[in-house]
């Protein structure tokens, strides 16, 4: 068995990071908003740092839970999320603002909802 309190603490950090990403993504109405100004580029950089933290933290949860917890929530493509962390970290200069904008527009809200669900399930003792 794993330390649920530790996993909940990590989930809270991830949820907070995703809420910050959501707030910062609201700045952009299109991908060019991230590239056309210095402020936009700074938003993109800060979003990328949060996405790195999210991906790394999810990897840690996977290890702590022996790869069992996240697998209980198959609506999220966990491998891709963790892969985004690796891509941003190791190929930063190849980073595509369109990809990050797409994540913000299409994926981040669903991820947030599922992470909140996981946290609530752990608090209720379901997982």
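Each value in this text was obtained by applying a stated rule to the coordinates, not by laboratory testing. Being a predicted model, the structure only gives us computed values, none of them experimental. Neighbour counts run over all protein chains shown; Cβ positions are idealised from the backbone, glycine included.
Cα extents of the chain along the three principal axes, largest first, in whole Å?
Computed over the chain, the largest-to-smallest principal extents equal 49, 26, 22 Å.
Given a Förster distance of 35 Å, report the FRET efficiency between residue 5 and residue 106 from their Cβ-Cβ distance, rounded to the nearest 0.05.
The pair residue 5/residue 106 has a calculated efficiency of 0.60.
Starting from the 7 Å offset along Cα-to-Cβ, what nm value, one decimal, do you get for the label separation of residue 13 and residue 63?
1.2 nm
What's the angle, to the nearest 10 degrees (0 to 90), between helix 108-124's Cα axis and the longest principal axis of the chain?
The angle comes out near 20 degrees.
Among 62-71, 7-16, how do they line up by average Cβ neighbours within 10 Å per residue, starting with the highest?
The packing order, highest mean first, is 7-16, 62-71.
Thinking of the range 61-127 as a set of Cα atoms, what percent of all their pairs are more than 21 Å apart?
In whole percent, the share of Cα-Cα pairs in the range 61-127 beyond 21 Å is 33.
Angle check, please: helix 38-64 long axis (alpha carbons) against the longest principal axis of the chain (alpha carbons), in degrees 0 to 90, nearest 10.
20 degrees
Using a 7 Å offset from the Cα along the Cα-to-Cβ direction at both residue 29 and residue 73, what is the distance between the two label points in nm, to one decimal?
3.3 nm
For the chain, take the longest principal axis of its alpha carbons; what is the angle in degrees between that and the long axis of helix 78-90, to the nearest 10 within 0 to 90?
Tilt relative to the chain: about 50 degrees.
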